[in-house]
Amino acid sequence: AKAAGKSAHRTCTPALRESAVSRAELIADLRRAVDEQQLHLEFQPIVDLATGAVRSAEALVRWQHPRLGMLPPARFLPLAEETGLILPIDRWVIHEACRAAATWRDRAPEATVAVNISAAHLRRPDLIATVTEATAEAGLAPRALTLELTESALIEGTDAVLERLRQLRELGIGIAIDDFGTGYSSLSYLHRIPATELKIDRSFVARLGADDRAYATVEMVTRLADAFDLAVVAEGVETERQHAVVTAIGCPRGQGYLYGRPDGPGTVGQNRA
Ligand code: C2E
Ligand code: CA
Ligand code: CA
Ligand code: CA
């Protein structure tokens, strides 16, 4: 008993004990967050690189925690995924994003909205119902909604997931592969997944100019998207130089702090100055 007590003491440092408590608290708090309207969405523009016109906006969730203040998704989505709370959160995000997009139509009739979908949600048959309800309730055309899925979520894709993606496509909903190039993308998988868009991961954009392979990757994905008739977005464009390089490569769309921060002024329906 003495030995066990000793090793328990050794592993349970004050910092660990504190993080274990705040973790349990955070889960309890997260359970209430949706009902108590503590979540909100920030929208980040996706622009046409040639004209600067805003084509779309990605919804990014934030949690205004009553004591801890504004928490970014990295602080609470992993917990949400572990506990299953990601499902009500995802559902709330889809509904809220559709409602917001419906209000943009006067300013930007062609603008679309993009929503991140967790791997857990993709495995659920009710994703179709959630999306259908959300667009119908908001009076939003299904083609104005794009679901962003990461490669890792897609790679786990069973036949049921593929069938679900096909149904979403038939409804007119867009399917973007997020963080493209960071997962296990193979060409065969691009043939199977009914994607409409590739989002080039920002790690490649960040290394443009410093790393020839990053340049080659952005160029290759842009050509690939063109050949497969997919839309393509360069993510994480922060500098004029990166903007110039991705534009020269021929990538048609960009997203990043250079064009608008997720918490910046609303830009849908406006052009980049
Ligand atoms: P993501 O889908 O790759 O979203 C882009 C992330 O990059 C966002 O971080 C955005 O704020 C950030 N970003 C945009 N432009 C730039 C830039 O120029 N430079 C840099 N350094 N960063 C940039 P955020 O909002 O913290 O979200 C992180 C991740 O959390 C997202 O990555 C997405 O995977 C996930 N996420 C966000 N909102 C939701 C949501 O509503 N539902 C789900 N399931 N996941 C979400
Ligand atoms: Ca995304
Ligand atoms: Ca991304
Ligand atoms: Ca990411």
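Numerical summary
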{"read-out": "Estimated FRET transfer efficiency when R0 is 25 angstrom, pair residue 37-residue 132 (beta carbons, to 0.05)", "value": "0.55"}
{"read-out": "Rough spin-label spacing in nm, given labels placed 7 Å along Cα→Cβ, for residue 207 and residue 23", "value": "3.1"}
{"read-out": "C-alpha long axis of helix 73-83 to longest principal axis of the chain, angle in °", "value": "60"}
{"read-out": "Three-way shape label, the range 153-273, alpha-carbon gyration tensor, a/c 1.5", "value": "oblate"}
{"read-out": "Alpha-carbon spread of the range 56-196, three principal axes, descending order, Å", "value": "46, 37, 26"}
{"read-out": "Percent accessible area from carbon and sulfur atoms, the range 20-148, protein chains only, probe 1.4 Å", "value": "52"}
{"read-out": "Residue-averaged 222 nm ellipticity for the chain, from DSSP H runs of 4+ at -39500 (n - 2.57), nearest 500", "value": "-14500 deg cm²/dmol"}
{"read-out": "Å² per residue, accessible surface of the chain at 1.4 Å", "value": "51"}
{"read-out": "Listed residues 68, 41, 26, most fluctuating in the chain (Gaussian network, C-alpha, under 10 Å)", "value": "68"}
{"read-out": "Spacing of the two label points (7 Å from each Cα toward its C-beta) at residue 105 and residue 226, in nm", "value": "3.5"}
{"read-out": "Fully extended contour minus Cα-Cα distance, from residue 188 to residue 263, at 0.36 nm per residue", "value": "23.2 nm"}
{"read-out": "Helix 2-11 axis, angle to the chain major axis (alpha carbon atoms, nearest 10°)", "value": "30"}
{"read-out": "Ranked by how many other beta carbons lie within 10 Å on average, peptides 198-205, 219-226, 70-77, 148-155 from highest", "value": "198-205, 148-155, 219-226, 70-77"}
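The values are calculated or read from the model by the stated rules, or taken from the named source; none is laboratory data. The model shown is predicted, which means the values in this text are computed figures rather than measured ones. Here Cβ is always computed from backbone atoms with ideal geometry, including for glycine, and neighbour counts include all displayed protein chains. With ligands, DNA and RNA removed, areas are computed over all heavy atoms of the protein, side chains included. Shrake-Rupley method; radii C 1.70, N 1.55, O 1.52, S 1.80 Å.
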